[in-house]
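Asker: Got a structure here, written out as structure tokens. Questions coming.
Where a number appears in this text, it was derived from the coordinates with a stated rule and is not lab data. Values in this document were obtained by computation on a predicted structure and should not be read as measured data. Ideal geometry is used to build each Cβ from the backbone, glycine not excepted, and the neighbour counts take in all protein chains shown.
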Amino acid sequence: MNVKKIHHIAVICSNYEISKDFYVRVLGLTPIREVYREERDSYKLDLEVNGQYQIELFSFPNPPARVNSPEAAGLRHLAFEVDNIEEEVQHLKGLQVEVEDIRIDPWTLKKFTFFKDPDGLPIELYEC
């Protein structure tokens, strides 16, 4: 196997319009393509992060709730690189998003913080 990079991350949401607004308006991701798949009663929204296709946002009828523990098996969180974490935290707080206090990674000495998407998926901002 010769894995080159992560191609995309798929996220299933419980309320498509709320999550679409969050990922587009709040996080500032750029929609590439949106399709409705009638046979699955499902929307799929492809999103760009800084010009690269990276996130697929899916809706499905009645998806089970996420286990709300970040230590549960499975996807732990999404992490986005930012240049200025303080500015990004202020942006999120201005949009009424609850954000944890900024911390320092003890190994890299870089700043990071967490917040959640509308379904409770943890999202990390990491200053590089």
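Asker: With a cut-off of 8 Å between alpha carbons and a minimum separation of six or more residues, what is the relative contact order of segment 76-128 in percent?
Answerer: So the answer I get is 45 percent.
Asker: Something else about it: Highest GNM mean-square fluctuation, the chain, Cα pairs closer than 10 Å: which of Tyr16, Tyr53, Tyr36?
Answerer: Result for the chain, Cα springs under 10 Å: Tyr36 fluctuates most.
Asker: Between 0 and 90 degrees, rounded to the nearest ten: what's the tilt of helix 85-94 against the longest Cα principal axis of the chain?
Answerer: Long axis of 85-94 versus the principal axis of the chain: about 50 degrees.
Asker: Now for a separate question. Over the chain, what is the mean sequence separation of C-alpha contacts under 8 Å (at least six apart), divided by residue count, expressed as relative contact order in percent?
Answerer: For the chain, the relative contact order is 22 percent.
Asker: Order these peptides, 24-32, 119-127, 74-82, by their mean beta-carbon neighbour count within 10 angstrom, highest first. It would help to have the intermediate numbers written out before the result.
Answerer: Numbers: 24-32: 15.1, 119-127: 17.6, 74-82: 12.9.
Per-residue Cβ counts within 10 Å, averaged per peptide and sorted highest first, yield 119-127, 24-32, 74-82.
Asker: Beyond 24 Å between alpha-carbons counts as too far, so tell me which of Lys44/Lys110; Lys44/Lys116; Lys5/Lys93; Lys5/Lys44; Lys20/Lys111 fall in that bin. Don't jump to the answer; show the numbers that get you there.
Answerer: Numbers: Lys44/Lys110 34 Å; Lys44/Lys116 20 Å; Lys5/Lys93 32 Å; Lys5/Lys44 22 Å; Lys20/Lys111 27 Å.
In this structure, Lys44/Lys110; Lys5/Lys93; Lys20/Lys111 exceed 24 Å between Cα atoms.
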